[in-house]
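Student: To start, I am sharing the structure in question, which I have written as structure tokens.
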Amino acid sequence: MIRKRSLRGLILANILILVLISAAVPLPNSVSLASTSEKSDLVALKVENDSTSYAYLWLDGPSFYYFVVKPGETKTFTVMRGEYFKDVSYCGARDSSIIDITRQTKLIMPVCGANTRQWPSSPHIVNITNTLKIVKVTVKNESESRVLAILTGPSTYVFSLDKDVSKDYTIAKGDYEVQYFACGRYAVREFSAYYKSVLKLKCPK
């Protein structure tokens, strides 16, 4: 009788051990809850270039990246999560700032010189013109000859216009020193570039 009880106890103990082992070993196609809750080291960065200018983007942080986005193109890149030093060249201007890419982020580059579109306030939807101010200005040649103008300020620009020609340009917002050659003479003047500003160039006196 004692022998039968001990045999039954041994069988029950073996069955319990098998149950515990099988419960501890995951099925081949199963995914543990802990692994699904972990974040990937990579995250998506979407760049939307609505302008007619090439956009150049440098990122320096957990890793280094250099991206080129064509005019009118939208591209999605995969980068390491983290905080980056961002350098952007776009619409003839350049700007540097810090950007947080710890989650999916979208960079928007509006049409050069246009009023910026309204987007929800979010650190992960970034309108480039919030830090890089681009404006559309008009340059008029009112001299008696062809004019060559060099603008030095937030960025540097060189314009060449025939007599009686007026052209629109998109440049970085701010104050400039203008050196120009017209009518066989040279002159220097100041110009403040704001939205729809007009730079009139006449024969130097």
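Each value in this text was obtained by applying a stated rule to the coordinates, not by laboratory testing. These numbers come from a predicted model, not from an experiment. Don't worry about glycine lacking a Cβ; one is built from the backbone with ideal geometry, like all the others, and counts go over all protein chains shown.
Student: For LYS46, what is the net charge nearby, where nearby means another residue's Cβ is under 9 Å from its Cβ and Lys, Arg count +1, Asp, Glu -1?
Tutor: +1
Student: Follow-up question, since we're still on this one. Under 19 Å Cα to Cα from LYS70, which lysines show up? Leave out anything in the same chain fewer than 8 places away.
Tutor: Result set, ordered by chain and number: LYS46, LYS86, LYS106.
Student: Enumerate the amide H contacts of LYS173 below 5 Å, restricted to partners 5 or more residues apart or on another chain; note that Pro and chain-start residues carry no placed amide H.
Tutor: Long-range HN contacts for LYS173: LYS133, ILE134, VAL135.
Student: Next up: What's the local net charge at TYR66, with K and R +1, D and E -1, over the other residues with C-beta under 11 Å away?
Tutor: Result for the neighbourhood of TYR66: -2.
Student: Would you kindly derive the ³J(HN,Hα) couplings of the range 72-85 from the backbone phi angles with the Karplus curve 6.51 cos²θ - 1.76 cosθ + 1.60 (θ = phi - 60°), listing them in order in whole Hz, with x for Gly and Pro?
Tutor: After applying 6.51 cos²θ - 1.76 cosθ + 1.60, I find x, 9, 10, 10, 10, 10, 10, 10, 6, 5, x, 9, 10, 8 Hz.
Student: Determine how many Å³ per residue the convex hull of the Cα atoms of the range 127-190 encloses.
Tutor: 70 Å³
Student: Under the rule a/c < 1.5 gives rounded, and otherwise a/b versus b/c splits prolate from oblate, where does the range 62-106 land using the Cα gyration tensor?
Tutor: Because a/c hits 1.5 or more and a/b fails to exceed b/c, the range 62-106 counts as oblate.
Student: Residues with beta-carbon under 14 Å from that of GLY92, excluding GLY92: net charge, scoring Lys, Arg +1 and Asp, Glu -1?
Tutor: Summing Lys and Arg as +1 and Asp and Glu as -1 gives +3.
Student: Each residue of the range 47-62 in order: what ³J(HN,Hα) in whole Hz does its phi give by Karplus 6.51 cos²θ - 1.76 cosθ + 1.60, θ = phi - 60°, with x for Gly and Pro?
Tutor: After applying 6.51 cos²θ - 1.76 cosθ + 1.60, I find 10, 10, 9, 8, 8, 9, 10, 5, 10, 10, 10, 10, 10, 10, x, x Hz.
Student: On to the next question. Once phi is turned into θ = phi - 60°, what whole-Hz ³J(HN,Hα) does the Karplus curve with 6.51, -1.76 and 1.60 give for every residue of the range 134-146, x standing for Gly and Pro?
Tutor: 10, 10, 9, 10, 10, 10, 10, 8, 9, 8, 9, 8, 5
Student: Ok, one more. On alpha carbon coordinates alone, what is the Rg over Rh value for the range 49-205, Rh being the Kirkwood radius?
Tutor: 1.07
Student: List the residues, sorted by chain then number, that are 5 or more residues from SER197 or on another chain and whose placed amide H is less than 5 Å from its amide H.
Tutor: Amide H neighbours of SER197: THR138.
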